[in-house]
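Peer 1: Before I ask anything, here is the structure I am working with.
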Amino acid sequence: MHVAYVCVDPGIPVFGSKGASVHVQEIVRSWLARGADVTVYCTRIGESVPDDLAGVRVVTHPIPRGSGPEREQSQRDAAAALAAQAVKDGVTAIYERYSLFSDALARIMNALSVPGILEVNAPLIDEQRTHRALHDEGAALHALRIQLSAATVVACVSDPIAAWVAAHASSDPPPRIITAPNGVNVRRIAPAPEADGTPTVVFVGTLKPWHGVSDLIEAKALSDGSWRLRIVGDGPEAASLRSLAAAKGVDADFTGASTPAEVPTMLAGCAIAVAPYPRTEREEEQYFSPLKIYEYCAAGLPVVASAVGQVPGIVDDGVTGVLVEPSHPAALAAALDELAGDPLARRTMSMAARRFAERHSWDAVLDAILEESNL
């Protein structure tokens, strides 16, 4: 089977370090593990090519920088060019990560009469309209509907995303829509013993407002001092978070950015992992499937996380971790203090977290999608 993995989104370097990049890489790995020949068709390659993916053929059609109507047209042009190359290559299946303005999957399927899977990770039209600039919403909606009507299966990362997709579908019969949450590479990330001494609490992720790291720093300032804090990642809030830590007298270890290959090392020796997502005005904004929590569990780390969105369906309160009220640093501090002072509870949760991760490998995610696709 010759699989075309398509990602036209210029915000996602397929060999980058952000969560979306990890998702791309892991799905490619799972296709390769099934014996498929994979070609990646994308607009942005990235600079962190993992050794095990160095031999994957990549076809790229770069998109110029910008934010105006011309950039949206460039995305449409890129989708057409990448689809044409995939057709020329004679691929036998398509797996596309949904992106604005792309109709690549539909073009390839129509030309070759092969199966196609559309993976939807976010309500991109809503996001673009709210947080950036969307100049031709009609074209974005048209491309989405073409893709939905063509796809053999539409794999959505959460139930809210599946509902969003269903609301935008216009074909009769409607598309086959399934929920396929994120997974984790349990071969790449494995448990390691806690380091001796004071327990380390770790956060991994891009330093942006919706990850709630400011609440974590506030929680550390309110804590009983029984744990250290490690913050792995970089982003637009890095400077302000460092300033907040200094103002609060918090001695946090800011490691800076790390590649996906470095994440297991950053987690090794830690005692607890945290996902302090903040409260949002609307519940529907909590549509994400948190990749970091799956990775924490694979490392055998108890997870203290905000009870928002999909998180309560992942963190089993009292079994694999502890759920806390979002945007409540005092509650977060109390939960971390208690768990930091209870090594027996940590060991029990560690084993349960790892068992959970083993049931949610990326291979299992792709297997479930392909079963629904009859591939």
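Peer 1: Using θ = phi - 60° and the Karplus form 6.51 cos²θ - 1.76 cosθ + 1.60, what ³J(HN,Hα) does each residue of segment 126-131 get, whole Hz, x for Gly and Pro?
Peer 2: 5, 4, 5, 5, 7, 10
Peer 1: Using amide H atoms built in the peptide plane, which far-off residues or other-chain residues are under 5 Å from R228 H to H?
Peer 2: Here the answer is T200, V201, since their amide H atoms fall under 5 Å of that of R228.
Peer 1: What are the ³J(HN,Hα) values, in whole Hz, obtained from phi via the Karplus relation 6.51 cos²θ - 1.76 cosθ + 1.60 with θ = phi - 60°, for each residue of segment 200-209 in sequence order, with x given for Gly and Pro?
Peer 2: These are the phi-based 3J(HN,Hα) values: 9, 9, 10, 10, 10, x, 6, 7, 10, x Hz.
Peer 1: May I pose another question? Using a Förster distance of 22 Å, how high is the FRET efficiency between T280 and I178, based on the Cβ-Cβ distance and rounded to 0.05?
Peer 2: 0.30
Peer 1: Over the chain, with a Gaussian network built from C-alpha contacts below 10 Å, which listed residue (P276, P64, P115) shows the highest mean-square fluctuation?
Peer 2: Its mean-square fluctuation being the largest, the pick is P64.
Peer 1: Can you work out the FRET efficiency for the pair I45 and M1, with r the C-beta to C-beta distance and R0 = 25 Å, to the nearest 0.05? Each step should come with its number before you reach the end.
Peer 2: On the way: r = 23 Å, r/R0 = 0.93.
So, using R0 = 25 Å, E works out to roughly 0.60.
Peer 1: On alpha carbon coordinates alone, what is the Rg over Rh value for segment 1-41, Rh being the Kirkwood radius?
Peer 2: Expressed as Rg/Rh, it is 0.98.
Peer 1: Run through segment 293-375 and list the GluC sites (Glu not before Pro) located in a DSSP loop whose Cβ has at most 11 other Cβ atoms within 10 Å.
Peer 2: Answer in residue order: no site qualifies.
Peer 1: Also, I was wondering about something else. What nm distance separates the two modelled labels at T255 and S149, each placed 7 Å from Cα along Cα→Cβ?
Peer 2: My value for the distance between the label points is 4.8 nm.
Peer 1: Which angle between 0 and 90 degrees, to the nearest 10, do you get for helix 238-248 versus the longest principal axis of the chain when only C-alpha atoms count?
Peer 2: Taking Cα atoms only, the helix is inclined about 20 degrees.
Peer 1: Would you report the distance distribution of C-alpha pairs in segment 10-120 as whole percents per 5 angstrom bin, up to the bin with the largest distance?
Peer 2: 2, 12, 23, 24, 22, 12, 4, 1, 0
Peer 1: Please work out how much length the chain gains when fully extended from S113 to R187, using 0.36 nm per residue of separation minus the C-alpha to C-alpha distance, in nm with one decimal.
Peer 2: Value of the extension gain: 23.1 nm.
Peer 1: Check which residues have an amide H placed less than 5 Å from V324's amide H, if you skip close sequence neighbours.
Peer 2: A305, S306, A307
Peer 1: Taking the simple approach of a point 7 Å from Cα along Cα-to-Cβ for both T265 and H142, what is their distance in nm?
Peer 2: For T265 paired with H142, the spin-label model returns 5.0 nm.
Peer 1: Same structure again: Evaluate the charge dipole of segment 200-358 about its Cα centre and quote only its size in Debye, nearest 20, assuming +1 on the Cβ of each Lys and Arg and -1 on the Cβ of each Asp and Glu.
Peer 2: So the magnitude is around 360 debye.
Peer 1: Would you calculate the convex hull of the Cα atoms in segment 200-358 and tell me its volume per residue in Å³?
Peer 2: Here the figure is 100 Å³ per residue.
Peer 1: Trypsin sites (Lys or Arg not before Pro), restricted to segment 254-305: which are DSSP loop and have at most 12 other Cβ atoms within 10 Å? Provide the component values of the computation, followed by the final result.
Peer 2: Working: sites: R279, R282, K292; in loops: R279, R282.
Listed in order of number, the matching sites are R282.
Peer 1: What does the extension gain come out to for D52 and T92, with contour length at 0.36 nm per residue minus their alpha carbon separation?
Peer 2: Working: separation 40, 0.36 × 40 = 14.40 nm, distance 2.31 nm.
Gain in length upon complete extension: 12.1 nm.
Peer 1: Take the Cβ-Cβ distance between E371 and L344 as r, set R0 to 30 Å, and report the resulting FRET efficiency rounded to the nearest 0.05. Spell out each step's value before the answer.
Peer 2: Values: r = 40 Å, r/R0 = 1.32.
Plugging the Cβ-Cβ distance into 1/(1 + (r/R0)^6) gives 0.15.
Peer 1: Same structure, new question: Which listed residue (A275, S258, A335) has the Cα farthest towards the positive end of the charge dipole for the chain, taking +1 on Lys and Arg C-beta and -1 on Asp and Glu C-beta about the Cα centre?
Peer 2: Projecting each Cα onto the dipole axis, the largest value belongs to S258.
Peer 1: Between segment 338-365 and segment 101-122, what is the C-alpha centre distance in whole Å?
Peer 2: Cα centres, segment 338-365 to segment 101-122: 37 Å.
Peer 1: Report the relative contact order of the chain, percent, no decimals, based on alpha-carbon pairs under 8 angstrom and at least 6 residues apart. Don't skip to the answer; put the middle values down first.
Peer 2: Numbers: 768 pairs, mean separation 55.1, N = 375.
Taking the mean separation of contacting Cα pairs over the length of the chain, I get 15 percent.
Peer 1: Between segment 11-37 and segment 277-335, what's the alpha-carbon centroid distance in Å?
Peer 2: 25 Å
Peer 1: Only helical DSSP H runs with n ≥ 4 go in: add -39500 (n - 2.57) per run for the chain, normalise by residue count and round the 222 nm mean residue ellipticity to 500 deg cm²/dmol.
Peer 2: Working: 13 runs with 151 residues, N = 375.
That calculation yields -12500 deg cm²/dmol at 222 nm.
Peer 1: Pop out the ³J(HN,Hα) list for segment 176-189 in order, Karplus 6.51 cos²θ - 1.76 cosθ + 1.60 with θ = phi - 60°, rounded to Hz; leave Gly and Pro as x.
Peer 2: Going residue by residue, I get 7, 10, 10, 9, 9, x, 4, x, 8, 8, 7, 7, 6, 10 Hz, with x marking Gly and Pro.
Peer 1: A further question on this structure: Less than 15 Å from a label point 7 Å out along the Cα-to-Cβ axis of K248: which backbone N atoms in segment 333-355 qualify, by residue?
Peer 2: So the set is 333-337.
Peer 1: While we're on this one: Please state, rounded to one decimal and in Å, the Kirkwood hydrodynamic radius that the chain gives when every pair of distinct Cα atoms enters the mean of 1/r.
Peer 2: 21.4 Å
Peer 1: Lys/Arg Cβ at +1, Asp/Glu Cβ at -1, dipole of the chain taken about the Cα centre: which of A79, G212, G313 is farthest positive-ward?
Peer 2: A79
Peer 1: In debye, nearest 20, what is the charge dipole magnitude of the chain about its Cα centre with +1 on Lys and Arg Cβ and -1 on Asp and Glu Cβ, if you could check?
Peer 2: Working: 31 positive and 45 negative charges, 122 e Å.
So the magnitude is around 580 debye.
Bear in mind these aren't lab numbers, they're just calculated from the coordinates by the rules spelled out. Bear in mind the structure is a predicted one, so any value in this text is a computation, not a measurement. Here the Cβ is made from the backbone with ideal geometry for all residues, glycine too, and neighbour counts use every protein chain on show.
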